[in-house]
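The values are calculated or read from the model by the stated rules, or taken from the named source; none is laboratory data. In this text, all values refer to a predicted model and were calculated from it rather than measured experimentally. FYI the Cβ positions are ideal-geometry reconstructions off the backbone, even for glycines, and counts take in every protein chain you see.
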């Protein structure tokens, strides 16, 4: 499927859609993990976002609740590697629609899903939660497009008993670099914060 704009006789292709078909630049984190033999399992839109590159297997989802159920199932079934999960309802159903109450309900639903997931984490497992962009719900911000807000990075490992601030990171690639370092690899961008978690 190709995203096009315009009217009869004057259609043009969406540049973002053309880039998506080409896929992300190489090497990305999933390429590095594949080269290192690290199994990667995608939950949700991960296969679509990365054009299947670097994934050993994946499942699609129909909601955040379904995504959390499949994440729990994957954690039970897989003893090593990366489980990469995308919960699209936050973005598609609530963020871009500026539905603050719906977003809040979705966060509460996510919290319930975490109750089943967290006990499955082993001492040296690492859970990272983030967003790829912000959608400002303020009615004074007239657009539903991505805003320039910072996004959260929540990192948790059962091995670390005390919380700490990771500070304001320069790039979301810091998460990718942290994952790469965890599996003995390196990606071209970002600064790992793995040492802060040990």
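Just wondering, is there one or more residues in the stretch 92-105 that are assigned to a loop (DSSP other than H, G, I, E, B) and either free of Cβ contacts under 8 Å to residues at least 40 places away in the same chain or closer than 22 Å to residue 41 by Cα (or both)?
Filtering the stretch 92-105 down to residues assigned to a loop (DSSP other than H, G, I, E, B) leaves 96-99.
Narrowing the set further to residues that are either free of Cβ contacts under 8 Å to residues at least 40 places away in the same chain or closer than 22 Å to residue 41 by Cα (or both) leaves 99.
Checked the stretch 92-105: at least one residue is assigned to a loop (DSSP other than H, G, I, E, B) and either free of Cβ contacts under 8 Å to residues at least 40 places away in the same chain or closer than 22 Å to residue 41 by Cα (or both).
Would you tally the residues in the stretch 156-176 being farther than 25 Å from residue 121 by Cα and in contact with a strand residue (DSSP E or B) (Cβ under 8 Å, 6 or more places away or on another chain)?
Just the residues of the stretch 156-176 that are farther than 25 Å from residue 121 by Cα, to begin with: 168-171.
Narrowing the set further to residues that are in contact with a strand residue (DSSP E or B) (Cβ under 8 Å, 6 or more places away or on another chain) leaves 169.
Matching residues across the stretch 156-176 total 1.
Out of the stretch 28-50, which residues are surrounded by fewer than 17 Cβ atoms within 10 Å (Cβ to Cβ), at pLDDT below 95 and part of a loop (DSSP other than H, G, I, E, B)?
Once the filter is applied, which keeps residues that are surrounded by fewer than 17 Cβ atoms within 10 Å (Cβ to Cβ), at pLDDT below 95 and part of a loop (DSSP other than H, G, I, E, B), the stretch 28-50 yields nothing.
Checking residue 132 against (1) outside any loop (DSSP other than H, G, I, E, B); (2) within 20 Å of the chain's Cα centre (by Cα); (3) surrounded by fewer than 11 Cβ atoms within 10 Å (Cβ to Cβ): exactly one of these is not met. Which one?
Result: residue 132 passes all but (1).
Which one of the conditions (1) out of contact with any helix residue (DSSP H, G or I) (no Cβ under 7 Å at 6 or more places or on another chain); (2) closer than 29 Å to residue 198 by Cβ; (3) assigned to a helix (DSSP H, G or I) does residue 117 fail to meet, given that it meets all the rest?
Only one criterion in (1) out of contact with any helix residue (DSSP H, G or I) (no Cβ under 7 Å at 6 or more places or on another chain); (2) closer than 29 Å to residue 198 by Cβ; (3) assigned to a helix (DSSP H, G or I) is unmet by residue 117, namely (1).
Out of the residues in the stretch 156-176 meeting the condition of being within 15 Å of the chain's Cα centre (by Cα) and free of Cβ contacts under 8 Å to residues at least 24 places away in the same chain, tell me which one is surrounded by the fewest Cβ atoms within 10 Å (Cβ to Cβ).
171
Scan the stretch 77-91 residue by residue and report those that are in contact with a helix residue (DSSP H, G or I) (Cβ under 9 Å, 6 or more places away or on another chain) and either part of a loop (DSSP other than H, G, I, E, B) or modelled with pLDDT under 95 (or both). It would help to see each step written out before you state the result.
So in the stretch 77-91, the residues in contact with a helix residue (DSSP H, G or I) (Cβ under 9 Å, 6 or more places away or on another chain) come out as 81-90.
Residues satisfying the conditions are 81, 86, 87, 88, 89, 90.
Could you list, in sequence order, the residues of the stretch 136-156 that are assigned to a loop (DSSP other than H, G, I, E, B) and in contact with a helix residue (DSSP H, G or I) (Cβ under 7 Å, 6 or more places away or on another chain)?
137
With 153, 179 as the choices, which residue is surrounded by 17 or more Cβ atoms within 10 Å (Cβ to Cβ), without any contact (Cβ under 8 Å) to a residue 40 or more places away in the chain and touching a strand residue (DSSP E or B) at 6+ places or on another chain (Cβ under 9 Å)?
From the options 153, 179, the qualifying one is 153.
Answer yes or no: is there a residue in the stretch 51-66 that is touching a helix residue (DSSP H, G or I) at 6+ places or on another chain (Cβ under 6 Å), at pLDDT 90 or above and in a strand (DSSP E or B).
The answer is yes; a qualifying residue exists.
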